[in-house]
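The values are calculated or read from the model by the stated rules, or taken from the named source; none is laboratory data. Fair warning: this is a prediction, and the values are worked out from it, not measured in the lab. Ideal geometry is used to build each Cβ from the backbone, glycine not excepted, and the neighbour counts take in all protein chains shown.
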Amino acid sequence: MNSDGDARRDWRTLSLVVLGLLVLIVLANLRLEVRGEVTDVGIWSRFVHAALISFTVVSGGIFLATMALSHKHARLVEQALGTLLATVVGAFLFGLAVDSGLTTTGAAIDVWSQFALGALRILILQAAGWLSIAFIFGILLVLVTGRESSPDPLLTLESTEFEIISVDTESRADSEE
Amino acid sequence: MGPEQDLLLHFWLPLAATPLALALMIAKDSPRRWAGRLLGITIFVALVMQPNALATSLEGWSLNLIFSIFGPTLLAGAGILIALFSGPIPVAPLPRDLRPVGLVMILLSVGWFMFMLFENRPFLDGLENPWWRHLVTSLLTTSVIVSGFAAAFAYVMGDERLRESTIMAASSLSAFGILIYLLAEGTVSDDPVFWRSASWGVLGDLAGLLVGGFAALGLFIMLVWIGEKNQPIPGPVEPLSEEERARVNEILQKHVPEEVSK
């Protein structure tokens with residue numbers, strides 16, 4: 001458990017846990033793929049399509065949000081032009097990839113059908129991701145807040161009071177020990 | 001209009017306008033907020049009023065999928081909120097007796113999802129939803145990662161959170177176990193080969209989603225940085241007017257009189 005507050009070490013540990021789990025899932029799937037017990041998925045083209053569509057959609061979304069939130073004092077020329085350009089470039093690269101034969105199974109091989117299929121795939125994946133984040137961290141919050149603890153003396157203070165107070169931290173620490 | 005134009009008008013256009021509606025809804029000025037709400041309602045109406053049967057397109061099937069998982073999702077969300085706000089926290093508007101009800105609702109939602117997974121997968125007009133395996137494998141894969149992260153997070157960042165970490169680790173292992181079971185044994189309606197293909201494909205999509213999404217966010221951060229760098233140096237600030245000076249003095253006198261009298 002963390003006692004000295006080394007944030008960098010803590011986040012490195014957390015990143016390694018996530019990476020380890022991802023590798024575990026990939027290995028489990030890879031073993032089955034090597035055994036040839038899957039249909040032809042075309043994982044490489046799925047990866048390229050998902051990356052290009054995700055880049056295009058996120059850039060486009062940020063562009064629209066930038067336009068909606070712009071006002072006369074905001075200088076958003078770089079953001080607006082940059083994200084619009086990124087959206088166009090993403091769409092162009094996607095079209096180029098499909099035209100050069102990098103297609104996925106499950107839809108016609110024209111650009112729009114491939115884009116629609118890829119976009120639906122990543123939208124469902126993203127929805128699943130947000131659902132699991134909300135569910136898991138919701139449960140964690142329920143568990144964490146379920147523990148009874150001694151009342152915090154700071155909670156009795158009013159936020160509108162400007163009186164200077166002193167909290168006897170040393171004696172509190174002693175009593176906790 | 002043909003089915004493709006219908007899909008454009010009732011699915012893709014509303015979907016593309018969603019970021020605009022969300023951004024308008026959180027804008028500071030009232031007219032934009034109202035425009036955002038109006039756009040949000042229009043999007044909802046356009047999505048709900050599909051002119052064609054849902055089973056005739058992949059877009060329609062994706063809407064059917066959302067309707068199918070709406071029940072367990074709502075039950076889980078309500079259960080979490082009830083359990084949270086009836087617990088021993090400073091802001092708890094609900095009675096303590098309701099906490100077990102919330103926890104039972106969460107368990108029921110998981111049971112409902114399991115029933116759908118193993119016994120009754122979503123279908124429409126006698127056809128099985130083609131997105132179901134994609135959703136399940138996505139949900140299980142992300143659950144393994146998110147639960148594992150939550151377990152490590154609670155243990156590393158928290159103070160004596162062994163119980164919470166253990167529950168989160170168990171949840172991660174359970175999700176992994178279910179995923180492996182599906183890959184090895186399948187379900188009544190789906191052969192394991194299809195589950196393997198779905199899981200393998202999801203990994204490609206997930207990696208692409210992360211790479212593309214973070215690349216776009218990184219680019220946006222870079223653009224903001226360039227924009228900030230190009231801002232002109234601000235000119236000298238106007239001194240306070242008499243009225244502003246009097247107001248500042250009044251506030252200082254009220255809260256730190258000893259500092260003002262120095």
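Here are the numbers for the structure shown:
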| quantity | calculated |
| --- | --- |
| Failed item in (1) in contact (Cβ under 8 Å) with a residue 60 or more places away in the chain; (2) in a loop (DSSP other than H, G, I, E, B); (3) closer than 30 Å to A:Thr87 by Cβ; (4) not acidic (Asp, Glu), with B:Val188 passing the rest | (3) |
| Residue check, A:Val17 within 7 Å of chain B (Cβ to nearest Cβ), part of a helix (DSSP H, G or I), surrounded by 15 or more Cβ atoms within 10 Å (Cβ to Cβ) and at pLDDT below 90 | yes |
| Out of B:Leu206, B:Leu183, sole residue that is under 30 Å from B:Phe118 (Cβ atoms), in contact with a Phe, Trp or Tyr (Cβ under 8 Å, 6 or more places away or on another chain) and surrounded by 14 or more Cβ atoms within 10 Å (Cβ to Cβ) | B:Leu183 |
| Qualifying residue in region B:188-196 (condition: under 27 Å from B:Phe149 (Cβ atoms) and assigned by TED's automatic domain parsing to the domain that holds B:Ile145) | yes |
| Helices (runs of 4 or more DSSP H) enclosed by region B:23-127 - at least 2 residues per element that are basic (Lys, Arg) and over 21 Å from the mean Cα position of the chain (by Cα) | B:30-48 |
| Boolean, B:Gly87 is closer than 23 Å to A:Leu143 by Cα and not assigned by TED's automatic domain parsing to the domain that holds B:Val188 | yes |
| Of the criteria (1) in a loop (DSSP other than H, G, I, E, B); (2) at pLDDT below 60, which one A:Arg172 fails | (1) |
| Members of region B:53-76 that are among the β-branched types (Val, Ile, Thr) and at pLDDT below 90 | B:Thr56 |
| Counted residues, region B:229-262 - those being at pLDDT 85 or above, surrounded by 10 or more Cβ atoms within 10 Å (Cβ to Cβ) and either under 30 Å from A:Val77 (Cβ atoms) or among the small types (Gly, Ala, Ser) (or both) | 1 |
| Residue that is facing chain A (nearest Cβ under 7 Å) and part of a helix (DSSP H, G or I), where the choices are B:Ile226, B:Ile251 | B:Ile226 |
| Qualifying residue in region B:161-179 (condition: out of contact with any strand residue (DSSP E or B) (no Cβ under 7 Å at 6 or more places or on another chain) and not in a helix (DSSP H, G or I)) | yes |
| Failed item, numbered, when A:Phe55 is tested on (1) in a loop (DSSP other than H, G, I, E, B); (2) modelled with pLDDT of 85 or more | (1) |
| Residue count, region B:153-164 (criterion: at the interface with chain A (Cβ under 7 Å from one of its Cβ atoms), among the hydrophobic types (A, V, I, L, M, F, W, C) and closer than 15 Å to A:Leu143 by Cβ) | 3 |
| Considering residues of region B:170-185 that are without any contact (Cβ under 8 Å) to a residue 40 or more places away in the chain and facing another protein chain (nearest Cβ under 10 Å) only, the residue nearest to A:Ile139 (Cα to Cα) | B:Ser171 |
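Quick grid of which residues meet (1) within 12 Å of another protein chain (Cβ to nearest Cβ); (2) under 16 Å from A:Gly60 (Cβ atoms); (3) out of contact with any His (no Cβ under 9 Å at 6 or more places or on another chain); (4) at pLDDT 90 or above:
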| residue | (1), (2), (3), (4) |
| --- | --- |
| B:Pro3 | no, no, yes, no |
| B:Asp6 | no, no, yes, no |
| B:Trp12 | yes, yes, yes, yes |
| B:Leu15 | yes, yes, yes, yes |
| B:Leu22 | yes, yes, yes, yes |
| B:Met25 | yes, no, yes, yes |
| B:Asp29 | yes, no, no, no |
| B:Ala35 | yes, no, yes, yes |
| B:Ile41 | no, no, yes, yes |
